[in-house]
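Written below as structure tokens is the structure these notes are about.
The values are calculated or read from the model by the stated rules, or taken from the named source; none is laboratory data. Fair warning: this is a prediction, and the values are worked out from it, not measured in the lab. Note that each Cβ is placed from the backbone with ideal geometry, even for glycine, and that neighbours are counted across all protein chains shown.
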Amino acid sequence: MTTLQYTEQLVVEYCCACSMAFAVPADFQRRRMEDHKSYHCPAGHGQHYYGKTEAEKQRERAERLQRQVEAREADIRFEQRRLESERRAHAATKGTLTKTKKRIANGVCPCCNRSFANVARHVAGQHPDYQPGGNA
């Protein structure tokens with residue numbers, strides 16, 4: 001009588017073509033799941049694992065999260081540039097308004113740029129459609 005002593009773990013597989021049960025070493029099964037290479041049942045039918053392994057799923061998940069982080073960082077940079085542009089535009093508008101107020105306080109008409117002792121009376125009489133803050 002011949003005896004076989006085997007110390008590795010075997011995993012039972014079933015052929016997808018003939019349904020024959022056969023055993024493969026657990027390490028072999030793990031490698032085929034990772035590399036998706038073909039192997040054969042004892043009857044010669046080709047087999048392979050087509051599903052993604054946990055490692056592949058984790059890698060894809062990490063790549064997807066990395067792309068999301070990069071997209072959010074790009075959004076933040078865009079909003080920071082837009083905010084800085086708005087701040088500069090606001091500062092320019094504020095400067096123009098201050099300049100106009102000082103000119104009016106010094107007696108210069110905001111419409112025709114002529115000097116008058118009483119600018120309010122001049123604007124009311126000569127520029128009745130003038131709206132402060134608007135264009136004449």
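For (1) among the charged types (D, E, K, R); (2) surrounded by 13 or more Cβ atoms within 10 Å (Cβ to Cβ); (3) touching an Asp or Glu at 6+ places or on another chain (Cβ under 7 Å), each residue gets a yes or a no:
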site	(1), (2), (3)
21	no, no, no
32	yes, yes, no
54	yes, no, no
64	yes, no, no
81	yes, no, no
Considering only region 85-117, state which residues are part of a loop (DSSP other than H, G, I, E, B) and either surrounded by 10 or more Cβ atoms within 10 Å (Cβ to Cβ) or under 45 Å from the mean Cα position of the chain (by Cα) (or both).
107, 109, 110, 111, 112, 114, 116
Could you please give the count of residues in region 1-47 that are more than 25 Å from residue 58 (Cβ to Cβ) and either of a type in the set (A, V, I, L, M) or part of a helix (DSSP H, G or I) (or both)?
9
From 98, 93, 53, which residue is at pLDDT 95 or above and of a type in the set (Ser, Thr, Tyr)?
93
List the residue pairs whose Cβ atoms are under 7 Å apart, where the first residue sits in region 44-71 and is among the aromatic types (Phe, Trp, Tyr), the second is part of a helix (DSSP H, G or I), and the two are 6 or more positions apart or on different chains.
49/32; 49/33
Could you please tell me which pairs satisfy a Cβ distance under 9 Å, a separation of 6+ or placement on different chains, a first residue in region 1-27 that is without any contact (Cβ under 8 Å) to a residue 60 or more places away in the chain, and a second residue that is part of a loop (DSSP other than H, G, I, E, B) and among the polar types (S, T, N, Q)?
25/9; 26/9; 27/9
